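Some notes on the structure that comes next.
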Amino acid sequence: MAAATTQAALHRFALFGAVWIVLTSAEPGGMLAGALAVPAAVWMSLRLLPARRPVVLLRLALHAPRFLYGSVAGGVDVARRAFSPSMPLDPGWIAVPVDLPDAGRVALGAELSLMPGTLAAGTQGDRLLVHLLDCKAGFDAAIPQEAAAMAEILAVAPPPRSS
Amino acid sequence: MADLATVLLTAAGLCFFLAGTAGVIRFPDIHSRLHALTKADNLGLGFIAVGVALQAESWAQVARLGLIWALALLAAGTVAQLVARAALTDRAAAPDGAKRGSRR
């Protein structure tokens, strides 16, 4: 538990430090304020979002290209439907069983909301409510894969239904 | 060469913003509209950020554009879920007046 907190603190220190350097263009004059602001941000983030389990950063980095591709495909798909005169839509809802901790579900929901044709709307029991832009297009096939990838990033057991 | 790429990329970005707006106007219900708003607009911002980054004079400007896009992505993914959820509970409560009080 303490090890997870230390690791998370180091990760977040690196992240917020990088954000500070970007915001100040690495000006030497901004370093003193950063030396105060970055530890304060780390402290606050650990209070608001305590480190429960370490995020596997390698898995997160490996997942980035897939996410990028998915968000481009999602944007192109919705643009095509918006411009198409016939506007092919068949909106509907599905409830997907997702075996992830709460934070993982929120992250999965955020990711799905940028992937083609899926939009998360919170949970119903232990199921993730997902809105589909077109029920016949098979957008929901990607959800178990994304859930499995999120489980790997969070280093929890993969969901049993990743068929 | 960089100028041409900037023109093409920002033009593509604007097309996606236009698509997002068209979707918000044309799509039939609030959840379908959210798809258009989050996905198309984020891709549009991504294209514009890459296009503008080609004109940047320093790494810091490029990094700042990347930061802006990453924060917009994070905000869109989070807010889309919150709006979708709020619209869902509103709609569930709307037909039945008695349910309104139990809304969170």
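Given the conditions (1) among the small types (Gly, Ala, Ser); (2) outside any strand (DSSP E or B); (3) under 18 Å from B:His31 (Cβ atoms), and given that A:Ala121 satisfies all but one, which numbered condition is not satisfied?
Failing condition for A:Ala121: (2).
Consider segment B:21-43. How many of its residues are more than 7 Å from chain A (Cβ to nearest Cβ) and within 12 Å of the chain's Cα centre (by Cα)?
Of the residues in segment B:21-43, 5 are more than 7 Å from chain A (Cβ to nearest Cβ) and within 12 Å of the chain's Cα centre (by Cα).
Collect the residues in segment B:1-60 that are surrounded by fewer than 21 Cβ atoms within 10 Å (Cβ to Cβ) and among the aromatic types (Phe, Trp, Tyr), keeping them in residue-number order.
B:Phe17, B:Trp59
Somewhere in segment A:60-80, is a residue part of a helix (DSSP H, G or I), under 23 Å from B:Gly44 (Cα atoms), touching a Lys or Arg at 6+ places or on another chain (Cβ under 7 Å) and without any contact (Cβ under 8 Å) to a residue 40 or more places away in the chain?
Yes: one or more hits.
Starting from residues that are in contact with an Asp or Glu (Cβ under 7 Å, 6 or more places away or on another chain) and surrounded by 17 or more Cβ atoms within 10 Å (Cβ to Cβ), keep the ones in segment A:68-95 and report whichever is nearest to A:Ala151 (Cα to Cα). So that I can check it myself, show each step before the final result.
Taking segment A:68-95 and keeping what is in contact with an Asp or Glu (Cβ under 7 Å, 6 or more places away or on another chain), we get A:88-91, A:94.
From the residues that got through so far, the ones that are surrounded by 17 or more Cβ atoms within 10 Å (Cβ to Cβ) too are A:89, A:91.
Working: A:Leu89: 31, A:Pro91: 28 Å.
Selected residue: A:Pro91.
Quick check on my filter: what residues within segment B:57-66 are within 16 Å of B:Asp41 (Cα to Cα) and at the interface with chain A (Cβ under 9 Å from one of its Cβ atoms)? Talk me through it step by step, then tell me what you get.
So the first thing to find is which residues in segment B:57-66 are within 16 Å of B:Asp41 (Cα to Cα), and the list is B:65-66.
If the condition is that a residue be within 16 Å of B:Asp41 (Cα to Cα) and at the interface with chain A (Cβ under 9 Å from one of its Cβ atoms), then B:Gly66 is the only one that fits.
Read the figures in this text as sums done on the coordinates, not as results from a lab. All values derive from a computational prediction rather than experimental measurement. Cβ sites come from the backbone with ideal geometry, for glycine too, and all protein chains shown count toward neighbours.
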